[in-house]
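Taking it in order: structure first as structure tokens, then the write-up.
The values are calculated or read from the model by the stated rules, or taken from the named source; none is laboratory data. This is a predicted model, so every value here is computed, not measured. Here the Cβ positions follow ideal geometry from the backbone for every residue, glycine too, while neighbour counts run over all protein chains shown.
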Amino acid sequence: MIERNTVSSTSSSHVSGSVTTAQGGTRAGVSSLLPVRKEKDQRILVVGHGISIKGTIQDVERLVIEGVVESELVHVKELVIMAGGVFRGDGDVEDAEIAGTFEGGLTAHGILTICCTGHLVGKAACHRLKIDDGGQVTGQLEMLDKKKADSEEQSRSVLSKPVKKQDSLAE
């Protein structure tokens, strides 16, 4: 039996789309694979075991996936896919640790780690790469050099800033 459920997250993160959970599904304890920031204002979303999300996820700094997430494009600082977790779609992240399955396109501007149980299917680009023994990559992998990563970061920051009107010179 499938029942509708809500997803809770800390702070003021936004999740839109459909959420389903299998009845009786329990959420396993989350042991962080990436270092956790101690600040109270960090926006974290945990998609627990047995929960599926399809839609848009925004304003989240740390996304931990134990269930299934399908999203067109996710922008998060840290992406953690636990063993058994599945992400389908595209992601633009600072750091990613994959112990489950990632299907789609991924750009990690920092470190991309594929654990021994991790499987990346699709296209990925990263600045630093770590693949544990047993980790799998099926598809295309590109290494971002420091200059390219810095220029992409500057492009993103320039595009996100409002454009100021220039005053015309009066003669």
- Message: Just the residues that are closer than 12 Å to L141 by Cβ and surrounded by fewer than 22 Cβ atoms within 10 Å (Cβ to Cβ), please, taken from region 78-130.
- Response: G105, T107, V121, G122, K123, A125, L129
- Residue ID - modelled with the lowest pLDDT, chosen from residues in region 55-77 that are surrounded by fewer than 22 Cβ atoms within 10 Å (Cβ to Cβ) and not in a strand (DSSP E or B): D59
